[in-house]
1. For region 125-154, how many residues are part of a loop (DSSP other than H, G, I, E, B), among the polar types (S, T, N, Q) and within 21 Å of Asp108 (Cβ to Cβ)?
2. Is it the case that region 142-155 has a residue that's hydroxyl-bearing (Ser, Thr, Tyr), modelled with pLDDT of 95 or more and over 27 Å from Ile289 (Cβ atoms)?
3. Filter region 65-119 for residues that are of a type in the set (Val, Ile, Thr) and either under 10 Å from Ala288 (Cα atoms) or outside any loop (DSSP other than H, G, I, E, B) (or both) and give the result.
4. Going through Asp128, Asp142, Asp173 one at a time, which residue ends up being in the same structural domain as Ile76 (by TED's automatic domain parsing), surrounded by fewer than 21 Cβ atoms within 10 Å (Cβ to Cβ) and of a type in the set (Asp, Glu)?
5. Would you confirm whether any residue within region 214-226 is farther than 23 Å from Leu84 by Cβ, touching a residue at least 40 places away in the same chain (Cβ under 8 Å), in contact with a strand residue (DSSP E or B) (Cβ under 8 Å, 6 or more places away or on another chain) and of a type outside the set (Asp, Glu)?
6. Given the residues Ala303, Ala322, which is the only one that is closer than 18 Å to Ala92 by Cβ and not polar (S, T, N, Q)?
7. So Gln193 passes all but one of these: (1) within 18 Å of Ala228 (Cα to Cα); (2) surrounded by 20 or more Cβ atoms within 10 Å (Cβ to Cβ); (3) in contact (Cβ under 8 Å) with a residue 60 or more places away in the chain; (4) not aliphatic (A, V, I, L, M). Which condition number does it fail?
Amino acid sequence: MKKAIRFTAIFLTMALFTLLFTACQKAEKTNVNDSTVAVTEEAKENGDNASDENKVKEVAANGNTTSDKVLEDGIIKILYGSSLCGIPLHIAKQLQFFEGEGLVEGVDYEYVTSSTPGVEMLSTKQADVSFGLVAAMLAPLDNGLEAKTVLGIHTGCIQIIAGAGSGIKSVADLKGKRIGVTQLASSDHIVTQRALASEGIGSTADNMEVEFIVYDKDNLPIALKEGAVDAIAIGDPKATILVNEGTGISIFNSATSELLKDEYCCALWARNETIEKQPNKLAKIVTAIQKASVWVDQNKELAAEIQLDNEWLVGDLEIDIATIKHFKYLPSVSGVKEALTRNIFDMKDLGLIRKDTDAEQLSRTSFARLEGVADELTDKVEPPVDPALHLK
């Protein structure tokens, strides 16, 4: 009789425990669902005028994040500038793509800007992530810069403009001519050297068939207008402006030429320490910029208008739209690896990196593939907030 009573007591205890455990599971599941429903219902009640904050919360609640991994502590500093081609970084912040990935400004990331070059900002830890030209980063990397590229952002953005009355019609006509650049080993200089090499024109120390003359970026167009040089290499939108006003003609455009039109010129770079210590948070930041870049490609006119309306730069809307229409804002991880490798080998041939540099090793150590970042995005991207709310 005592055994029967003991067995009954044990059975009742187990049944009660099972009931409580099941109830807890249901309550936990209900709480998760309730938090999602609460956001979406609030958005419905507010109709088309739902606030940006609610829309961002809805994106996060529906799991639109890079991964479910725990984020590391510490703010990642993102360096931005006022360039037209850097528009994905402007749109990423303006339309809250970071918040769409579950990040919080001031806790997970912050934007920093400076007249100091990106290379120096990264090397001095004043920035953890920077947007910059692939070619311009290679000499610093060859000299020990502790950073890697993690994503190609877009193609294009540098042109060679010949003086309107120079008689120069193509790159082949540049042999024996004077070419203005902002500095030696800069992206405009390197692009020009690669274009010259494709036409069999020497531009290296042991075979110099052109003359490079250095001007600061403000005086470069003036030098062309005054005939101090026969051609200049210059970035957009200034190149497009010079052509539109009749100062010169474009004889090479990295956005449309067969030589470089499919090669990523601008990329995201991250400090090695950030890659090693904050990989999950960095992956979310890169994904946010990647999505913003794709959205720009799908909405170039609207993106350019938002960029100007919110004073990310000073420019002319028509010129900006005409310029970025030639750029491909289709970010790629494998694409930037290919561009990096190609640039390194070309620059070694041109004598712009050390002769004893192992090009293949430099290519490997200057690139990182972050876990959780898609190689490419091909689907239509919806911004976390309504773009119309960010137009004047």
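1. Residues that pass the stated criteria total 1.
2. Taking every residue of region 142-155 in turn, none turns out to be hydroxyl-bearing (Ser, Thr, Tyr), modelled with pLDDT of 95 or more and over 27 Å from Ile289 (Cβ atoms).
3. Here is the first cut: in region 65-119, the ones of a type in the set (Val, Ile, Thr) are 65-66, 70, 75-76, 78, 87, 91, 104, 107, 112-113, 116, 119.
Result: Thr65, Thr66, Ile76, Ile78, Ile87, Ile91, Val112, Val119.
4. Asp142
5. Going residue by residue through region 214-226, those that are farther than 23 Å from Leu84 by Cβ are 214, 226.
Right, trim to touching a residue at least 40 places away in the same chain (Cβ under 8 Å) and you get none.
No, because not a single residue in region 214-226 is farther than 23 Å from Leu84 by Cβ, touching a residue at least 40 places away in the same chain (Cβ under 8 Å), in contact with a strand residue (DSSP E or B) (Cβ under 8 Å, 6 or more places away or on another chain) and of a type outside the set (Asp, Glu).
6. Being closer than 18 Å to Ala92 by Cβ and not polar (S, T, N, Q) holds for just one of Ala303, Ala322, which is Ala303.
7. With respect to (1) within 18 Å of Ala228 (Cα to Cα); (2) surrounded by 20 or more Cβ atoms within 10 Å (Cβ to Cβ); (3) in contact (Cβ under 8 Å) with a residue 60 or more places away in the chain; (4) not aliphatic (A, V, I, L, M), Gln193 is out only on (1).
Listed here are the residues, each with its yes/no results for (1) within 23 Å of the chain's Cα centre (by Cα); (2) at pLDDT below 95.
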site	(1), (2)
Lys175	no, no
Gln183	no, yes
Ile190	yes, yes
Asn219	no, no
Leu224	no, no
Ala233	yes, no
Asn253	yes, no
Ala270	yes, no
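The values are calculated or read from the model by the stated rules, or taken from the named source; none is laboratory data. All of these numbers come straight from a predicted model, not from anything done at the bench. For neighbour counting, all protein chains shown are included, and Cβ atoms are generated from backbone atoms with ideal geometry for every residue, glycine included.
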